[in-house]
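For reference, the structure is listed below as structure tokens.
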Amino acid sequence: MNKNNTFEEFLKIIETLRGENGCPWDREQTHTSLKPCVMEEAAELVCAIRIYDQTGNSENMQEELGDLLLQVVMHSQIAQEEGLFTIEDVINTVSEKMIRRHPHVFGSVHAENSDQVLNNWEEIKKAEKEGKSWIESPLREIPPELPSLTRAVKVTKKIHKNYESRRDFKEAAAYLKQLVKRMEALEPEPYDAGLTDTMGELLLTAADICRRYKLAPEQILTDKIEDLIERYEPSDLYIKNT
């Protein structure tokens, strides 16, 4: 068990699990059935990064990176069985993309700062997607499977770029005040439609402010939830009692 496995040996392990004499559960999996697993493993990796930031212990992060890699290899193995593509195709595609989208590193384009890098990235990405049949429109290509606050940031960013300028900070803050006054005037009941609409506008406006100042609303809310839990269940007290 102390053997250091290579990437090629890992691929063989997954191929065996999916093979005729492999694991019944692994053999049953499809791209669709594994979708929840991908989302869960990504969330667990983010959690592991938080644990590392708090404790300096990287053991859990190493494990969760492996679990996320497992999802990539499983999907690639299933795709190979379906005659679609292989893990080598996946690696080649992302390698070519990294070279193509970093002309300031691998080409002759000059970029002085990260803003210029991101602008170049978006322009290259836009050119890559021209003529792709699965892309409906700039806004509808943003996956609805994304967490809502994250999706709101991406949608408002593309609206700002492709259609109209979004509110600046002072305008957005003033609109938030209007929404709070609207809430104060309500006498809501459970599942109240008016409160639902107002809260939706409030969350969307907050996400747009985060977009303008390059904040991550999902992470902000996650951190605030952790702060709230810490207020009622201090981690030092919990550790002492376990």
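The values are calculated or read from the model by the stated rules, or taken from the named source; none is laboratory data. Note that the coordinates shown come from a computational prediction; the quantities given were computed from them, not determined experimentally. Note that we place each Cβ from the backbone using ideal geometry, even for glycine, and neighbour counts take in every protein chain shown. Each accessible area value is taken on the protein alone, full model and side chains, heavy atoms only, with ligands, DNA and RNA left out. Shrake-Rupley method; radii C 1.70, N 1.55, O 1.52, S 1.80 Å.
For the range 152-201, the list of chymotrypsin sites (Phe, Trp or Tyr not before Pro) that fall in a loop by DSSP and count at most 12 other C-beta atoms within 10 angstrom reads Tyr163, Tyr191. State the percentage of accessible surface on the chain attributable to carbon and sulfur atoms; use a 1.4 Å probe and exclude ligands, DNA and RNA. So the carbon and sulfur contribution to the accessible surface is 56 percent.
In the calculated pair-distance distribution of the range 130-212, the portion above 22 angstrom amounts to 37 percent of the Cα-Cα pairs.
How long are the three semi-axes of the equivalent ellipsoid for the chain, computed from the Cα gyration tensor as the root of 5 times each eigenvalue, in whole Å, largest first?
Rounded to whole Å, the semi-axes are 38, 28, 21.
Going by a ≥ b ≥ c, the root eigenvalues of the Cα gyration tensor, does the range 18-119 fall in the rounded group (a/c under 1.5), the prolate group (a/b larger than b/c) or the oblate group? Cα axes put the range 18-119 in the oblate bin. Annotation note: chymotrypsin sites (Phe, Trp or Tyr not before Pro) in the range 53-149 located in DSSP loop regions with a Cβ neighbour count of at most 15 within 10 Å are Phe85, Trp134. Calculated [222 nm] ellipticity per residue, helices only, for the chain: -22000 deg cm²/dmol; basis is -39500 (n - 2.57) per DSSP H run with n ≥ 4, divided by all residues, nearest 500. Summing charges over all other residues whose Cβ lies under 10 Å from the Cβ of Lys97, with Lys and Arg as +1 and Asp and Glu as -1, gives +1. Angle of helix 148-162 to the longest C-alpha principal axis of the chain, folded into 0 to 90 degrees and rounded to 10: 80°. Calculated accessible area for the chain comes out at 74 Å² per residue, all protein chains present (probe 1.4 Å; ligands, DNA, RNA ignored). If a spin label sat at a point 7 angstrom from the Cα of Glu230 along the line to its beta carbon, the backbone N atoms of the range 34-62 nearer than 15 Å would be those of 50-56.
In percent, rounded to a whole number, the relative contact order of the range 127-242 is 28, using alpha-carbon pairs under 8 Å and six or more apart. Farthest towards the positive end of the charge dipole of the range 71-177, among the residues Thr156, Asn119, Ala174, is the Cα of Ala174, using unit charges on the Cβ of Lys, Arg, Asp and Glu. In the range 64-107, one over the average inverse separation of all distinct C-alpha pairs is 11.7 Å, which is the Kirkwood hydrodynamic radius. How high is the relative contact order of the range 58-124? Use alpha-carbon pairs under 8 Å, at least six apart in sequence, and give a whole percent. So the answer I get is 16 percent. Relative to the longest principal axis of the Cα atoms of the chain, the long axis of helix 87-100 lies at roughly 50 degrees. Taking all Cα pairs closer than 8 Å and separated by 6 or more residues, the relative contact order of the chain comes to 10 percent.
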